[in-house]
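Structure first, then comments.
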Amino acid sequence: MSGATDLWGEWQKHGAQGMSGAQALASELDRIAREGGIATPVTAKRGLSARLRYLSSGPGRHVLARHGVSARLLRSWNRGVRPSRAKLEAVDQAYQEHRRANLVRSGALKRLLDNNGRGRRIEIYPVDQTAVDEKRRRPTVTERSVQARYIWDDAVDAWGRGDVGALDEIWDDVITDLDSDYAAYAYVGSIGIGA
């Protein structure tokens, strides 16, 4: 882990709830990526059909196969066999993975977040200490906000690869703008990106 996260040590020891900044950043990028995607659930016929159409290219079929959905299985679904819940979940995971790769490859997500060099504001919500005994709570840590610029190309690439280590380094760069209090934001309750 990075130097900033080391300063908080065993932050969950007494019941604080949250996640690393890198995990929060990945989770928020997932949320943004889902916003422009297929909204109908995979459990609905329309949602399943839309995902399968999105995955109908060669690379899409390859991702489906990696998730255990074969061409033979697809043919049986076309004949009326109802997919199992596990296979529906596999289709949804394949869709999310393929969409993520397409967003990274096209540069659309990078352009959205870079915002013509202006970047995006990140709202940072501190770890939840409500379950921590009052005498063991960290000093009050408030919500903070930072305008993040010039990190988005690297952040999106790291997110696309699932590289939490690189996201951790990027998160350290983001929170160093928060003055001497930055170590208190190595772990967070959540973040929000204004995109």
Computed magnitude of the charge dipole of the chain (debye, nearest 20; Cβ of K, R +1, Cβ of D, E -1): 1860 debye
Mind checking which of 127, 69, 104 has the largest fluctuation in a GNM of the chain, springs on alpha carbons under 10 Å? 69
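So how do 51-59, 146-154 stack up, highest first, on mean other-Cβ count within 10 Å?
Descending packing order for the listed peptides: 146-154, 51-59.
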Just checking my list (1) 20.0, 64; (2) 22.6, 69; (3) 22.7, 77 against Rg and Dmax of the Cα atoms in Å computed from this structure; which label fits? (1)
In the chain, taking the dipole from +1 charges on Lys and Arg beta carbons and -1 charges on Asp and Glu beta carbons about the Cα centre, the listed residue (178, 37, 113) farthest towards the positive end is 37
Can you tell me which of 116, 78, 102 moves the most in a GNM of the chain? Springs connect C-alpha atoms under 10 Å apart. 78
Which one of 126, 83, 139 has the biggest mean-square fluctuation once the chain is modelled by GNM with Cα springs under 10 Å? 139
Excluding residue 21 itself, what net charge comes from residues whose Cβ is under 12 Å from its Cβ, given Lys and Arg +1 and Asp and Glu -1? -4
Inter-site label distance for residue 169 and residue 78 at 7 Å from Cα along Cβ, in nm: 4.6 nm
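Laboratory data are not the source of any read-out in this text; all were calculated from the coordinates shown. Here the structure is a predicted model, which means the values were calculated and not measured. When we count neighbours, we look across all protein chains shown, and the Cβ atoms used for this are built from the backbone with ideal geometry, even at glycine.
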